[in-house]
1. Any residue in segment 245-255 that is among the small types (Gly, Ala, Ser), more than 23 Å from the chain's Cα centre (by Cα) and at pLDDT 50 or above?
2. What are the residues in segment 131-183 that are of a type in the set (Val, Ile, Thr), under 20 Å from the mean Cα position of the chain (by Cα) and open to solvent by 40 Å² or more (accessible area, probe 1.4 Å), if any?
3. Given the conditions (1) modelled with pLDDT of 95 or more; (2) aromatic (Phe, Trp, Tyr); (3) within 13 Å of Val372 (Cβ to Cβ), which single one is not true for Phe298?
4. Is segment 325-333 home to any residue that is assigned to a helix (DSSP H, G or I) and among the β-branched types (Val, Ile, Thr)?
5. Between a residue in segment 38-50 that is without any contact (Cβ under 8 Å) to a residue 24 or more places away in the chain and in a helix (DSSP H, G or I) and any residue that is surrounded by fewer than 17 Cβ atoms within 10 Å (Cβ to Cβ) and hydroxyl-bearing (Ser, Thr, Tyr), which pairs come within a Cβ distance under 9 Å, given they are 6 or more apart or on different chains?
6. Assuming Gly310 fulfils every condition listed in (1) out of contact with any Asp or Glu (no Cβ under 7 Å at 6 or more places or on another chain); (2) surrounded by 21 or more Cβ atoms within 10 Å (Cβ to Cβ); (3) not in a loop (DSSP other than H, G, I, E, B) apart from one, which condition is it?
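The values are calculated or read from the model by the stated rules, or taken from the named source; none is laboratory data. Only a predicted model underlies this, so the values are computations on that prediction, with no experimental measurement involved. A quick note on method: Cβ atoms are made from the backbone with ideal geometry, for glycine too, and the neighbour counts reach across all protein chains shown. SASA here: full protein model, heavy atoms, side chains in, ligands and nucleic acids out. Shrake-Rupley method; radii C 1.70, N 1.55, O 1.52, S 1.80 Å.
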Amino acid sequence: MRNSKLLKITLTAAAALTFASFAESSAKADTQADIDAITQKIKDTEKSIKEGQEKLSKLEDLQYQKSMEIDGLKKNIKARKAQLARQARAAQVNNAGSMIDFVSKSKNLSEAISRTFTVATLVHANNQAVAQQKADQEKVAADKAVVDKAAADQAQANKNFNNDLAQLAVQKTQLEVKKANEDEAARKAAQEAEKKAREAAEKVADAKNERDAQNALKDANNAVASVTKSDNNNNNNNNNNNVAAQASTQQTSNTSAAPAAKYGSVVGYALSFQGVPYVYGGTSPSGFDCSGLVQYVFAAFGKQLPRTAGAQKAVCTPISESQLQPGDLVFWGTGHVGIYIGGGNFVHAPTTGDHVKVTSMNYYHPDSYGRVN
């Protein structure tokens with residue numbers, strides 16, 4: 001009986017040891033699930049952005065076609081007016097001062113009837129031309145309004161998708177930081193618990209009586225409980241310790257060309273200026289140039305950057321395209337700069353006559369990249 005009880009206790013301790021060995025993976029399972037969910041949302045949003053850009057491109061083509069149609073109709077209307085003017089002049093023959101004079105100066109009844117018919121035909125044609133002109137103008141206005149509204153709605157939808165993508169990128173970064181913190185805490189807790197559980201299991205095996213075995217088993221269970229408690233504390237405290245977690249992650253991560261981006265939160269603020277016109281030398285929301293936009297956005301987050309694109313590039317840590325994170329800067333030589341927002345897109349103030357907007361790197365590819373320290 002005694003041997004049976006000791007065997008049961010020993011098996012229970014072994015189970016506790018096995019549980020401790022799996023504590024590390026269970027501690028981070030929920031966070032990884034959240035990361036996977038955010039990653040899927042990012043993929044879905046990137047797909048929506050791509051589809052939205054294709055729709056907007058088609059609408060812009062349609063706008064161009066409608067503009068050409070409008071130009072054609074205007075030319076037709078102008079030609080019609082010229083024709084009416086010629087007809088009016090033709091009716092005023094023999095120095096007749098008006099159409100009435102034209103009819104009244106007929107030499108006989110037959111000529112008067114003929115001239116009256118000519119005048120009536122001219123008046124009818126004139127009325128028809130004016131009515132057609134009005135219909136053409138209304139059609140042009142209606143077509144243009146429909147296309148313009150569709151293009152404006154799609155542009156707003158694209159802007160919303162880009163804003164969503166930027167926020168998702170920030171959320172994913174925060175979750176990655178949280179997971180890294182959990183991994184480190186879980187790893188240490190699991191190692192300590194495994195050590196204690198193993199020692200307790202050895203005591204159970206060496207126990208000379210049931211009471212000693214029970215005490216050793218209690219130690220093994222306490223070791224496992226410490227992992228669970230540590231895991232719960234990590235989940236409760238992570239939201240309050242995000243800043244500390246980021247610092248810890250940066251210190252414990254393996255060496256790379258640059259530390260993790262610290263200014264991912266600038267993305268949402270930068271996107272809020274979409275539509276602001278490009279102004280050469282502009283540094284305010286009334287008008288930006290490329291470096292003026294970057295300087296203004298980063299200043300709102302306590303980071304003072306130089307005024308020009310070349311000077312901003314000089315103070316950044318160079319990184320590769322594969323290391324790009326939301327909040328990093330993208331450069332074209334020393335003459336142009338934008339803010340990377342994730343998903344292969346960046347926000348920038350392009351050029352005179354344009355406005356602050358999001359552009360794909362597939363369309364306008366940078367030649368260098370930098371991380372603001």
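1. Within segment 245-255, none of the residues are among the small types (Gly, Ala, Ser), more than 23 Å from the chain's Cα centre (by Cα) and at pLDDT 50 or above.
2. Thr173
3. Every condition holds for Phe298 apart from (1).
4. No, because not a single residue in segment 325-333 is assigned to a helix (DSSP H, G or I) and among the β-branched types (Val, Ile, Thr).
5. Lys50/Ser360
6. (2)
Residues are listed down the side, and each one gets a yes or a no for (1) in contact with a helix residue (DSSP H, G or I) (Cβ under 9 Å, 6 or more places away or on another chain); (2) without any contact (Cβ under 8 Å) to a residue 60 or more places away in the chain:
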position	(1), (2)
Ser322	no, yes
Pro326	yes, no
Trp332	yes, yes
His336	yes, yes
Ile341	yes, no
Pro350	yes, no
Gly353	no, no
Tyr364	no, yes
Val372	yes, no
